[in-house]
1. Name the pairs: first residue in segment B:76-105 and assigned to a strand (DSSP E or B), second residue surrounded by 21 or more Cβ atoms within 10 Å (Cβ to Cβ) and of a type in the set (Phe, Trp, Tyr), Cβ to Cβ under 8 Å, at least 6 apart or on different chains?
2. Take the residues in segment B:59-107 that are small (Gly, Ala, Ser) and surrounded by fewer than 23 Cβ atoms within 10 Å (Cβ to Cβ); name whichever of them is farthest from A:Ala444 (Cα to Cα).
3. Out of segment A:307-358, which residues are touching a residue at least 60 places away in the same chain (Cβ under 8 Å), assigned to a strand (DSSP E or B) and among the hydroxyl-bearing types (Ser, Thr, Tyr)?
4. Quick check: is even one residue across segment B:26-36 in contact (Cβ under 8 Å) with a residue 12 or more places away in the chain, within 16 Å of the ligand (Cβ to nearest atom) and surrounded by 14 or more Cβ atoms within 10 Å (Cβ to Cβ)?
5. Would you check which residues across segment A:441-458 are part of a loop (DSSP other than H, G, I, E, B) and more than 14 Å from A:Phe477 (Cα to Cα) and list them?
6. Please state which of the following conditions A:Thr105 fails to meet, knowing it meets all the rest: (1) in a loop (DSSP other than H, G, I, E, B); (2) more than 16 Å from the ligand (Cβ to nearest atom); (3) of a type outside the set (A, V, I, L, M).
7. Output yes when any residue across segment B:38-46 is more than 10 Å from the ligand (Cβ to nearest atom), assigned to a strand (DSSP E or B) and closer than 22 Å to A:Pro130 by Cβ, and no when none is.
8. Give the residues of segment A:487-533 that are among the charged types (D, E, K, R) and not in a loop (DSSP other than H, G, I, E, B), sorted by residue number.
Amino acid sequence: MSITSTTIKQWLLSSAVAFSCLAAPAAIAGPIDNYSPVTPARLENPEPGNWMLYRRTYDGHGYSPLDQINTANVKSMVPVWTFATGVVEGHEAPPLVNNGVMFITTPMGQVIALNAKTGDQYWRYKRELPEDLFQLHPTNRGVGLWQDKLYLATTDDHLVALDAKTGKVLWDKKVQDYKKGQYLTLMPLVVDGKVMVGGSGGEFGVRGYVAAYDAEDGKELWRTFTIPAEGEPGHDTWSGDDWKNGGGSAWMTGTYDKDTKTVYWGVGNAAPWPGNLHPGDNLYTSSVIALDPSTGKIKTHFQYHQNDSWDWDEVDAPMLIDLQRDGRTFKSLIHPGRDAIFWVLESTPERIKYVNGWNFVHTDVWKGIEPETGRPIVDPAHKPTLGKRVDFCPSLWGGKDWPSAAYSQKTRFVYVPANENFCGGFTGEKLPLVPGQLWLGTKAEDIGLTVRPGADHFGELQAWDPASGKKVWSHNFPKSQLFGSVTATAGDLVLVGGTNDRMFRAFHAKTGELLWEQKTNSGIMGMPVAYEVDGTQYIAVQSGWGVDAQRIQDALAKGNTGLEDNVPQGGVVWVFAIKK
Amino acid sequence: MDAIVRDGSRLNEVLLVRLDPNELDETTRPRAAEGIVAYSAICSHAGCPVTAWIKASEGNDDVFKCMCHNSEYDPRRGAQVVFGPAPRRLAALPLVIKDGVLVIAAPFIGKVGGQQG
Ligand code: FES
């Protein structure tokens with residue numbers, strides 16, 4: 001039997017008539033009318049009601065100037081709409097908002113455009129991932145915005161440009177080879193028409209890089225490896241051929257100083273893990289590099305710790321804060337590190353200088369920091385090595401992993417999603433590199449997460465004054481890790497999920513008082529945002545547990561903590577406003 | 001099977017283990033050859049290679065474990081998932097011993113590969 005075209009037309013006609021009779025259509029479909037092009041000026045100085053960059057502004061503050069929702073009324077905040085993504089695993093992306101249009105991304109390479117006011121869907125893009133793809137980190141942290149285009153970095157290591165109005169693919173470039181364990185999870189950073197991405201794969205023996213593509217046509221403009229080749233400055237911090245598979249992945253979005261036209265990019269751990277498998281300082285692993293976005297040239301760098309042996313990626317880019325300290329104001333780089341050190345650095349045109357550093361969680365690895373150079377002094381008893389079990393604190397996930405800290409321009413405090421009382425350990429082993437298989441320098445099954453004796457909490461939301469180095473307040477989570485990004489607002493709210501009880505919380509930015517909480521569908525690893533449409537302020541976050549939050553939960557469930565490995569998965573976008 | 005697959009795809013990687021035939025359940029026994037069982041090495045969660053043979057998180061038996069996100073599969077029970085996020089068992093590859101040589105008896109039973117959505 002075949003259906004004639006007349007039948008189809010009639011069917012379409014009648015359904016269209018029926019549809020138009022409904023008072024409120026259940027869903028609207030794209031394309032998006034009146035889409036506001038994302039210009040360089042708008043990215044450099046975004047309207048208060050929008051969230052168009054990973055941390056809203058290029059300086060990485062994670063701060064919204066909106067204050068309609070504030071400490072006085074947040075108790076009346078209620079969900080106004082939700083949207084199920086239909087995808088499991090870690091939903092880490094911020095819901096990005098450009099003048100009433102929201103873009104979310106999910107694991108498995110989906111992008112969904114929604115009406116930010118109503119939650120109705122405009123369009124959905126689904127990446128068709130290859131059958132033989134393996135995903136150590138099935139996640140995505142958002143699309144880059146530029147003019148009327150979006151840029152998605154995929155786990156099969158492509159960079160895909162979409163039409164923001166329709167979700168149609170405009171171009172699709174292979175960045176590297178997923179079969180070798182190269183993949184992308186970050187939100188691309190777009191600066192002056194250049195789309196920058198950095199590769200994941202530090203656990204598969206890659207050599208990390210940051211690469212830039214022309215926003216218009218996807219032409220590769222430059223690629224800068226995070227590990228210098230022979231003849232390049234810094235190569236002498238490696239021995240032999242170690243540099244070729246030395247790690248240094250660069251899997252988080254950089255920050256950008258528009259005054260000096262400098263991109264700051266965080267670089268991951270050295271590979272494989274035990275340091276005596278790659279003797280030397282191993283530049284630029286566990287460092288921040290300062291890049292010229294027009295050429296990719298490394299202007300300068302600062303290495304947080306040398307000869308990384310703990311899997312302490314320092315990929316989270318520093319926050320760029322004009323800091324008043326010791327009677328002067330200077331351009332600072334602030335980085336609460338995975339290595340448990342809260343770093344305060346000064347960026348000068350010539351170099352990045354160490355200013356101050358202190359432990360923000362317990363660590364037994366550092367005996368101090370050399371005041372002149374900023375080199376931490378390592379205790380060899382807690383540095384993983386070959387053939388011997390070595391334990392160290394904090395754990396592999398560090399004092400703060402990739403989830404972002406926030407800086408409030410009002411309180412001038414830095415809010416850190418920290419993990420306290422975790423330690424780790426493993427026995428270093430020299431193992432051959434098999435392309436596409438984990439290459440850790442230890443047996444994966446040997447990796448431990450332990451809880452310090454007498455620990456009364458794990459997760460710790462901390463407020464620090466970066467000028468004085470004082471902790472202003474902290475909120476402890478007795479039964480949960482804290483594994484989610486923090487956002488601050490001018491309403492003096494600090495917003496964070498990240499706990500295994502599925503809560504989304506708002507704290508008082510000045511005092512740390514818990515003001516509001518809401519249980520959600522799943523655990524929240526995503527980044528909260530604040531935005532405004534038609535004069536109403538909203539708070540949005542994706543709830544969807546997975547990846548490393550889940551791994552820590554697995555480890556805790558096995559470790560006599562009384563916790564269970566039962567945090568449900570499945571992504572939902574939650575949007576809140578003050579009850580009218 | 002007569003054909004030998006040599007296209008290099010990682011989807012053809014298999015896990016082989018010899019177990020006590022008495023430990024195998026009714027589905028698994030007919031697919032085993034003298035206690036040797038074979039399964040796809042591709043984790044049904046996110047497609048990583050299953051690489052570890054290790055004591056189960058729950059129970060005392062050794063099981064296959066995928067180190068990407070801790071999924072565990074019991075090869076005695078058709079590689080059913082006994083821990084972790086994997087949504088389904090590993091595909092099984094029936095074996096037989098022919099003229100003293102271990103050979104594949106039939107194509108994979110079940111889907112090879114990770115979940116895609
Ligand atoms: S891919 Fe094996 S557990 Fe996730």
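The values are calculated or read from the model by the stated rules, or taken from the named source; none is laboratory data. What you see is a predicted model; the values in this text were computed from it and never measured. Every residue, glycine as well, gets a Cβ built from its backbone with ideal geometry; the counts of neighbours run over all protein chains shown.
1. Cβ pairs passing all conditions: B:Gln80/B:Tyr73; B:Val81/B:Tyr73; B:Val82/B:Tyr73; B:Ala92/B:Tyr39; B:Leu93/B:Tyr39.
2. In the first step, residues of segment B:59-107 are kept if they are small (Gly, Ala, Ser); the result is B:59, B:71, B:78-79, B:84, B:86, B:91-92, B:100, B:105-106.
Filter once more, keeping what is surrounded by fewer than 23 Cβ atoms within 10 Å (Cβ to Cβ): B:59, B:78, B:84, B:91-92, B:100, B:105-106.
Working: B:Gly59: 20, B:Gly78: 24, B:Gly84: 15, B:Ala91: 23, B:Ala92: 25, B:Gly100: 36, B:Ala105: 33, B:Ala106: 33 Å.
Within segment B:59-107, the match that is farthest from A:Ala444 (Cα to Cα) is B:Gly100.
3. A:Ser332, A:Ser347
4. Step one: list which residues in segment B:26-36 are in contact (Cβ under 8 Å) with a residue 12 or more places away in the chain, which gives B:27-28, B:30-36.
When the remaining residues are screened for being within 16 Å of the ligand (Cβ to nearest atom), the result is none.
Within segment B:26-36, none of the residues are in contact (Cβ under 8 Å) with a residue 12 or more places away in the chain, within 16 Å of the ligand (Cβ to nearest atom) and surrounded by 14 or more Cβ atoms within 10 Å (Cβ to Cβ).
5. Taking segment A:441-458 and keeping what is part of a loop (DSSP other than H, G, I, E, B), we get A:441-443, A:447, A:452-458.
Within segment A:441-458, A:Gly441, A:Thr442, A:Lys443, A:Ile447, A:Arg452, A:Pro453, A:Gly454 meet the criteria.
6. (1)
7. We begin by selecting, within segment B:38-46, every residue more than 10 Å from the ligand (Cβ to nearest atom); these are B:38-41.
Subset that is assigned to a strand (DSSP E or B): B:38-40.
Now drop any that are not closer than 22 Å to A:Pro130 by Cβ, which leaves B:39-40.
There is at least one residue in segment B:38-46 that is more than 10 Å from the ligand (Cβ to nearest atom), assigned to a strand (DSSP E or B) and closer than 22 Å to A:Pro130 by Cβ.
8. A:Arg505, A:Glu517, A:Lys519, A:Glu532
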